[in-house]
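Below you'll find the structure, written out as structure tokens, and then a few comments.
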Amino acid sequence: MKLNRAVITGIGCVSPLGRDVPALIDGLTAGRSAARYMAAFEQYTGLRSLIAAPAELVDEKLIPRKDRRSMSRMSIFSVQAAEQALADACLAPADMVPGDIGCVIGSTIGSMNTMAETFDAMLPEYDLNQMTSMQFFQVISHTAVMNVAQYLGITGAVLAPSAACASGLQAVGIAYDLVRLGRQKAVLCGGTEELHPTVTGSFDVLYAASTGYNDNPAKASRPFDRDRDGLVCGDGSGILLVEEYEHAKARNARIYAEIAGFETCGSGEHISQSSRGAMIQCMGRALQQAGLQTDDIDYINAHATSTVHGDKEEAAAIRDIFADTVPVSSMKGNIGHTLGASGAIELIISLVMMKQSAIFPTLNLEHIDPECGAIDHVVETREQPIRNFLKNAFAFGGINTTLICSRSGDGV
Amino acid sequence: MTNEEVVAMTNRVFVESFELDEKDLTPEAHVFEDLGLDSLDTVDLVVALQQKFNVRIRDDERVRSIRTLNDVYEFILTIQREMAASN
């Protein structure tokens with residue numbers, strides 16, 4: 001069966017470092033951390049991690065009230081990112097044959113803020129009289145993709161993969177398959193997430209959130225570093241336009257990269273512990289699908305979240321496949337862990353790195369943990385061409401995801 | 001509660017819940033045609049009025065006959081008179 005080629009022709013994001021891609025890249029270039037102390041977290045007994053990397057909600061009222069009423073911040077982020085991606089791609093859904101453009105956006109869960117408001121109003125009297133018409137639409141798992149598709153008039157496939165921190169990259173992988181199989185000509189895809197103390201608390205209770213840097217938030221997220229003590233939750237959304245190659249060529253679109261391979265797999269081992277074996281399988285099968293060898297990969301954008309166990313496992317998996325021959329960095333030192341959005345936001349960063357032939361370093365990687373060693377850590381900006389890069393995203397539940405992008409021969 | 005207080009509090013509901021401009025809130029304004037509310041908004045209008053006036057009106061059939069802003073004022077005043085009478 002002949003498969004179509006799938007390319008990326010548009011990118012957009014709202015991230016902890018700003019309202020769009022240029023703001024994000026400016027922040028990374030300046031080596032900024034978006035992590036900050038969260039005074040609002042102090043009221044929660046038992047919450048030890050009092051830091052986060054929130055995105056800022058701006059200009060949300062540009063979205064008309066009737067469209068916005070079903071959106072919590074995670075959907076607003078996605079709408080804004082999707083509009084950026086379409087503008088970047090110079091494509092409007094109205095220009096497409098109805099049904100030819102789809103939308104796939106993943107997240108860990110629907111709006112935790114709205115869920116909390118709903119239960120606050122309902123309990124302790126078990127009184128549903130204060131429940132509004134819109135709380136359901138903001139809490140459901142597919143709230144972001146539903147809102148984006150409705151707002152933009154998208155009538156193709158509308159899907160919402162939910163696999164925690166792998167959601168965003170899984171969404172891009174599903175978009176890739178929809179385009180490869182000829183089901184869609186183009187797909188807006190990516191991930192989104194919104195902060196809430198219970199999200200940070202969920203990691204904190206598992207000893208996976210940073211607790212030792214409350215007085216120095218900018219230093220808290222430090223992937224692969226000896227002194228890391230857990231992740232810093234962030235929020236935002238990253239959206240990309242994945243387009244069928246011939247469709248993109250026919251309209252003379254700028255092509256960032258071609259998607260060369262995608263793999264997602266389970267570990268079948270443990271619901272919370274990362275597994276280097278499953279990561280090796282995931283990266284290895286993605287390489288196979290892409291028809292590439294290890295020396296074809298010029299950069300690895302790691303999932304590395306700054307947890308003690310996860311970073312060690314990913315470093316070991318990379319070491320097993322690539323030894324120390326491929327530059328590796330994680331963006332989470334700058335933007336924290338944006339969970340379901342992270343795979344998409346960091347894929348966007350990687351595409352910009354490919355375009356600029358420069359690799360951003362892992363912020364706060366001051367002393368490489370020996371258990372994360374013997375791979376080529378990027379600790380300062382490195383100028384180098386990138387022919388192909390590999391992006392990882394891993395999630396609780398033993399879910400692993402790897403996407404490989406190639407610099408397209410034409411149009412890049 | 002005076003008529004003026006009911007009008008002012010009801011108007012606050014429309015401003016806060018539906019982002020309407022106070023100057024558009026005339027008694028004869030049609031809730032759907034002039035103020036732009038739809039069926040989903042009416043669900044939230046009822047919830048907001050319940051909160052604002054501490055009343056229970058979700059299952060009150062008279063809600064269905066509301067057309068203008070003045071109908072809302074009159075409905076709330078009627079509910080309040082009924083509550084006062086029953087107390």
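Residues that are modelled with pLDDT of 95 or more and among the charged types (D, E, K, R) within segment A:267-299 comprise A:R276, A:R285, A:D295, A:D296, A:D298, listed in sequence order.
Residues that are touching a residue at least 12 places away in the same chain (Cβ under 8 Å) and more than 23 Å from A:R387 (Cβ to Cβ) number at least 1 in the following strands (runs of 3 or more DSSP E) confined to segment A:203-322: A:236-244, A:257-266. What tally of residues in segment A:4-48 results from selecting those that are closer than 24 Å to A:A81 by Cβ and polar (S, T, N, Q)? So the answer is 4.
Among the residues making up segment A:123-138, those that are surrounded by fewer than 19 Cβ atoms within 10 Å (Cβ to Cβ) and more than 12 Å from chain B (Cβ to nearest Cβ) are A:L123, A:P124, A:E125, A:Y126. Would you say B:L35 is under 15 Å from B:D71 (Cα atoms) and surrounded by 14 or more Cβ atoms within 10 Å (Cβ to Cβ)? Criteria met by B:L35. The residues listed here are B:F18, B:F32, B:F53; of these, the one that is under 27 Å from B:S86 (Cβ atoms) and among the aromatic types (F, W, Y) is B:F53.
Does A:G212 qualify as being touching a helix residue (DSSP H, G or I) at 6+ places or on another chain (Cβ under 9 Å) and of a type outside the set (A, V, I, L, M, F, W, C)? Judged against the criteria, A:G212 is not a match. Scanning segment A:143-159 for residues that are assigned to a helix (DSSP H, G or I), out of contact with any Phe, Trp or Tyr (no Cβ under 9 Å at 6 or more places or on another chain) and either within 14 Å of another protein chain (Cβ to nearest Cβ) or within 30 Å of A:S272 (Cβ to Cβ) (or both) yields A:V145, A:Q150.
Report whether or not A:H309 is within 11 Å of the chain's Cα centre (by Cα) and under 22 Å from A:R226 (Cβ atoms). Judged against the criteria, A:H309 is not a match. Restricted to chain B, the set of helices (runs of 4 or more DSSP H) holding at least 2 residues that are within 14 Å of another protein chain (Cβ to nearest Cβ) and under 21 Å from A:D127 (Cβ atoms) comprises B:3-18, B:39-53. Filtered by the rule that a residue be more than 16 Å from the chain's Cα centre (by Cα) and closer than 27 Å to A:E244 by Cα, segment A:176-207 gives A:D177, A:L178, A:V179, A:R180, A:L181, A:G182, A:R183, A:Q184, A:K185, A:A186, A:V187.
Quick grid of which residues meet (1) outside any loop (DSSP other than H, G, I, E, B); (2) at pLDDT 95 or above:
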{"residue": "A:P98", "(1), (2)": "no, no"}
{"residue": "A:A116", "(1), (2)": "yes, yes"}
{"residue": "A:P124", "(1), (2)": "no, no"}
{"residue": "A:N129", "(1), (2)": "yes, no"}
{"residue": "A:S141", "(1), (2)": "no, yes"}
{"residue": "A:P161", "(1), (2)": "no, yes"}
{"residue": "A:I174", "(1), (2)": "yes, yes"}
{"residue": "A:R183", "(1), (2)": "no, yes"}
{"residue": "A:L188", "(1), (2)": "yes, yes"}
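When segment B:13-28 is filtered for residues that are surrounded by fewer than 16 Cβ atoms within 10 Å (Cβ to Cβ) and within 12 Å of the chain's Cα centre (by Cα), the ones remaining, listed by number, are B:V15, B:P27.
The values are calculated or read from the model by the stated rules, or taken from the named source; none is laboratory data. Because the structure is predicted, anything quoted here is derived from the model rather than measured. Methodologically, a virtual Cβ is constructed for each residue, glycine included, from the backbone with ideal geometry; neighbour enumeration extends over all protein chains shown.
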